[in-house]
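The values are calculated or read from the model by the stated rules, or taken from the named source; none is laboratory data. Quick caveat: nothing in here was measured; it's all calculated off a predicted structure. Backbone-built Cβ (ideal geometry, glycine too); neighbour counts: all protein chains shown. These accessible areas exclude ligands, DNA and RNA; they are computed on the full protein's heavy atoms, side chains included. Shrake-Rupley method; radii C 1.70, N 1.55, O 1.52, S 1.80 Å.
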Amino acid sequence: MVFHSFPSGEASAAQLAVDVAGVLSASIEKRGQAGMVVSGGSTPKPFFAELKKQKLLWQHMWITLADERWVDTDSTDSNEHMVREQLLNSGTHFVGLKNDASTPAEGIAEAENRLAAMPQPYDVVILGMGEDGHTASLFPETAGLAEALDPILPHSCAAITPLHAPYARMTQTLAALLHCRKLVLHITGAKKRALYEEAQQPGSCLTLPIRAIVQQNKVPLEVYWSA
């Protein structure tokens, strides 16, 4: 793991944008396209703003989500809505997880079919972390979590209903998220740094799912943390 520490969220977002843009540009130059997975919430917003300033061939980029709330995509609670509003540029290929199925479980096949269009492996996966230790929508002690955290699970998506957060969710599985060239954990604040340090210690991934990201050895993890 590489731990990057910054004095402010703005500084962290700016450097992360520069680093991610370099990876995406290199992939476009080498392979003609690039694929990135981003997360919802408030933490990524400054990063999105900084990334939009970078000189990228947006028409050669594919972007999808680590997870999605099962709400209409025009809802302000939709991750897709936020990404379309704050990150996408003209010509960017976006792959949404929300579809017309009535529940995430019924929508898994369609979501996986959509994700199959993404360049693989992903060039960059950028994850966040909640104060309960969840990442993507891999929430602690929820039904289906153990299967979703299986590193060799053949499915790329799982349906999760959090115990203490609103909405049923669609999430990419651990196996899908680790199928990448660059893995980033983007976090802010003293509480989340302490939680990240706790995740490095032995313990169950079912009670602290971020452990599955921090303790895996498939792909190097880079942490971008700011006070």
- What percent antiparallel are the DSSP beta bridges of the chain, to the nearest 5? 25
- Residues other than ALA165 with Cβ under 15 Å of its Cβ, Lys/Arg counted +1 and Asp/Glu -1, net out at -4
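Just check the stretch 29-70 against the gyration tensor rule for me: Cα atoms, a ≥ b ≥ c as the square roots of the eigenvalues, rounded for a/c under 1.5, and otherwise prolate or oblate depending on whether a/b exceeds b/c.
Numbers: a/c = 3.27, a/b = 1.43, b/c = 2.28.
Judged from the Cα gyration tensor, the stretch 29-70 comes out oblate (a/c at least 1.5, b/c at or above a/b).
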- Note on the structure: Excluding residues fewer than 8 positions from LYS98 in its own chain, the aspartates and glutamates with Cα under 15 Å of it are ASP67, GLU68, ASP72, ASP74, ASP77, GLU80, GLU106, GLU110, GLU112
- Query: Can you run phi through the Karplus equation (6.51, -1.76, 1.60; θ = phi - 60°) for the stretch 153-160 and list ³J(HN,Hα) in whole Hz, with x for Gly and Pro?
  - Reply: 4, x, 7, 9, 10, 9, 9, 10
- Using Cα pairs under 8 angstrom and six or more residues apart, how large is the relative contact order of the chain, in percent? 24
- State which helices in the chain qualify, where a helix is a whole DSSP H run, it must extend 20 Å or more along its own axis by its Cα atoms, and its mean Kyte-Doolittle hydropathy must be at least 0.0. 9-31
- Query: Sequence-distant or interchain residues sharing an amide H contact under 5 Å with ALA136, placed H: which?
  - Reply: GLY128
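Per residue Cα convex hull volume for the chain, in cubic angstrom?
112
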- Message: Which residue fluctuates most in the GNM of the chain (Cα springs below 10 Å): SER12, SER204, SER39?
- Response: SER204
- Query: So which lysines can LYS30 reach, going by Cα to Cα under 27 Å and dropping same-chain residues fewer than 8 places off?
  - Reply: LYS52, LYS53, LYS55, LYS182, LYS218
- Message: If I compute solvent accessible area with a 1.4 Å probe over the protein chains, what percent of it on the stretch 130-195 is carbon and sulfur?
- Response: 58
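When the accessible area of the stretch 1-72 is split by element with a 1.4 Å probe, what percent falls to carbon and sulfur? Numbers along the way, then the final one.
Working: 1690 of 3220 Å².
Reported share for carbon and sulfur atoms: 52 percent.
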- With every protein chain left in place, what is the accessible area per residue of the chain in square angstrom, probe 1.4 Å? 44
- For LYS182, list long-range residues whose amide hydrogen, built 1.01 Å from N in the peptide plane, is under 5 Å from its own amide hydrogen. VAL124, VAL125
- Message: Run the helix sum for the chain: -39,500 (n - 2.57) per DSSP H stretch of 4+ residues, divided by residue count, reported at 222 nm to the nearest 500 deg cm²/dmol.
- Response: -9000 deg cm²/dmol
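Explain nothing, just the number: relative contact order of the stretch 94-203, from Cα pairs under 8 Å at least 6 residues apart, as a whole percent.
Values: 165 pairs, mean separation 31.9, N = 110.
It rounds to 29 percent for the stretch 94-203.
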- Read phi for every residue in the stretch 165-178 and hand back ³J(HN,Hα) as whole Hz from Karplus 6.51 cos²θ - 1.76 cosθ + 1.60, θ = phi - 60°, with x for Gly and Pro. 9, x, 6, 5, 10, 10, 10, 6, 6, 4, 4, 5, 5, 7
